[in-house]
1. Would you please classify the overall shape of the protein assembly as shown from the alpha carbon gyration tensor, given that a ≥ b ≥ c denote the square roots of the eigenvalues, rounded means a/c under 1.5, and beyond that prolate means a/b larger than b/c while oblate covers the rest?
2. For A:Glu222 and A:Asp85 in the same chain, what is the full-extension length gain: residue separation times 0.36 nm, less their Cα-Cα distance, in nm?
3. Taking amide H positions as placed 1.01 Å from N in the peptide plane, with prolines and chain starts having none, which residues 5 or more places from B:Leu164, or on another chain, fall under 5 Å of its amide H?
4. Taking 7 Å along the Cα-to-C-beta vector as the label spot, tell me the B:Val35-A:Ala249 distance in nanometres, rounded to one decimal.
5. Mind sorting A:Trp89, B:Trp239 by how few other Cβ atoms lie within 10 Å of their own Cβ, fewest first?
6. Along Cα→Cβ at 7 Å, what distances in nm separate the B:Gly291 label point from those on the other copies, shortest first?
7. Which residue fluctuates the most in chain A, going by a Gaussian network model with Cα springs under 10 Å, if the choices are A:Val269, A:Val146, A:Val53?
8. For Cα pairs less than 8 Å apart in space and 6+ apart in sequence, what is the mean separation divided by the residue count of the stretch B:17-151, i.e. the relative contact order in percent?
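Coordinate-derived values only; no laboratory data. Keep in mind that what you see is a predicted model, and the values were worked out from it rather than measured. Reconstructed Cβ throughout: ideal geometry from the backbone, glycine too, with neighbour counts over all protein chains shown.
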2 protein chains.
Amino acid sequence: MAQPNLPNLTVQQLEYLVAAAEGPTRAVAAASLGVTASALSQGLAELERRVGVRIFERQGRQTRLRPQANEVLTHARRVVAETRDLARWAGMQRTGQAGMVRLGTIDAVAVNHRAEAIRRHRRATPGLDLRLTVAPSGALLDSLLVGDLDLVVCVEPTGLVDGLVISPCLEELLYAYAPSDVHVGAPTEWGPWVTYPEGSHTRKVIAAGLSVLGAPFAVIAESNQPEVLREMVRLGMGWAVLPAAGAEAGAEPLTRARSRPVGVRRLVVARRADVVTDVAVDNLASVLLRG
Amino acid sequence: MAQPNLPNLTVQQLEYLVAAAEGPTRAVAAASLGVTASALSQGLAELERRVGVRIFERQGRQTRLRPQANEVLTHARRVVAETRDLARWAGMQRTGQAGMVRLGTIDAVAVNHRAEAIRRHRRATPGLDLRLTVAPSGALLDSLLVGDLDLVVCVEPTGLVDGLVISPCLEELLYAYAPSDVHVGAPTEWGPWVTYPEGSHTRKVIAAGLSVLGAPFAVIAESNQPEVLREMVRLGMGWAVLPAAGAEAGAEPLTRARSRPVGVRRLVVARRADVVTDVAVDNLASVLLRG
DNA sequence: CACTATACTTAAGATTAACTAAAGTATTAG
DNA sequence: CTAATACTTTAGTTAATCTTAAGTATAGTG
């Protein structure tokens, strides 16, 4: 489309021009750039040739800028400044202080286990655009695979997921909680249950744990939110198996029906395998793994 | 020396990046630049190396821009546009006064309001290479910002556009037109409508005007060309709100459904703010403002 | 009027960058 | 599976840029 061949000016040539305009003599300008006067002279001659307009003129034994040079000089200053900005941005990008990370976690991680770590990391890297999505584990892993998220903390998926790198992060003990007015008998008498919806990773862990204890698993209500499940137990709707952090927080914590846990929920940090290493993501991942 | 040596980017490398971002594939981009795909590939690899940030990634057999590339791409577009300005200035400097102006207008301006003014100006300055692009307002402003156009006459954008200088040019009254066989009742009975596509500046003006009148705005067909909309009304497909100049021209002019206008479309002359003053553009701009 | 320091420029040779053409590597489409 | 597509890599050539060293012109000094 637009074919009027542009002059192939280099940032270096523009730097030469800026330095030559600022220094009292070219020798000084050359020294401040760390090149020889000869290099500066040749570089400026080439710049003038490419722009195609006489920019310099001899006055005595000095070479001075002609009035026409002001347009070129303005252009040079602008491009040099813009390139400096770009270089600074690139430096921050390399060290992970800038950029964007789309983090997804289950609610227990964002609300309890890593809330403080995320807040600290956000304060420590103000240039970082950190976006947090809270959703169930399955949805998070789907988004990660599709590329809508960069980093996920969720319940360990059953079996290997192709294309993901998964690192163990922490383990949550799951306890059974009964409504306050109910007698806790043998596990065979437990229930009915309020729990996570069909398809939830945590529900699989709960079902397996209850099965080992010989407890029936009759589900009468479902929710993805542990706070909602906790309230259902408090209202006497049924029993629940929940991570202690969620069940025993707030003004009226639930009390465990049994001191030993029903199961263990293993939380992991996941990221795409094929993706180019991004320092910002690496940094956040290590913060989340450390706690 | 507080100088963290700047990357020696060349205008050519930045042009490569812009072309690569705009072309569907690198092969196409390379051809549009008149170089081989290999040259483009090597040039972009060198650019990436100098910036020091990964900006490309393979996706299937294509190489795509990573999100990080946007910063670099913005920089590239800006520097390329600035260099184009500089080159044009240099050309005028060399040739004395002749130059090139790339004018963009919406169709009503080129066809009706300023057709004669443009013809006169072309005759008056035979040395001027005046290029006219007719397109919708949004596309014109995009081209202007990118540097593909020097001067634009379009519908006034909503809100300030950064980097542009905008001067009011003229106002067009927009009237409602009904198919000839339709009874014109109260505005609440008007429609359905044929109008400009979603996103069009003019459409926003029309929608606001109809809303004030209490007329429903059910759209059954769209076109960017007022002639096409006029023909649709003539064929009885629906109602339209159009500038009088477009609707009431030709052999069979439409007649207004209501003598008072539905809205006002304000046309403006726009140009980039950062550009070096170009006498040729200045002259044309004042011709267009005067009429 | 030399004599010399200053301020650049030009020349020569080495290094580096950038191009084309051709071969290589995945990936997708039939 | 084969062919086509989309890039990248390699090899070899040409162009640009650097340094050192020599050249030119000017200004100040005795």
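1. Working: a/c = 3.27, a/b = 1.42, b/c = 2.30.
Cα axes put the protein assembly as shown in the oblate bin.
2. Values: separation 137, 0.36 × 137 = 49.32 nm, distance 5.26 nm.
Gain in length upon complete extension: 44.1 nm.
3. Placed amide hydrogens put B:Ala273 under 5 Å from B:Leu164.
4. Going by the 7 Å Cα→Cβ label model, 5.5 nm.
5. On the way: A:Trp89 20, B:Trp239 26.
Taking fewest neighbouring Cβ atoms as first place, the list is A:Trp89, B:Trp239.
6. 7.7
7. A:Val53
8. Values: 122 pairs, mean separation 26.4, N = 135.
The normalised contact order for the stretch B:17-151 reaches 20 percent.
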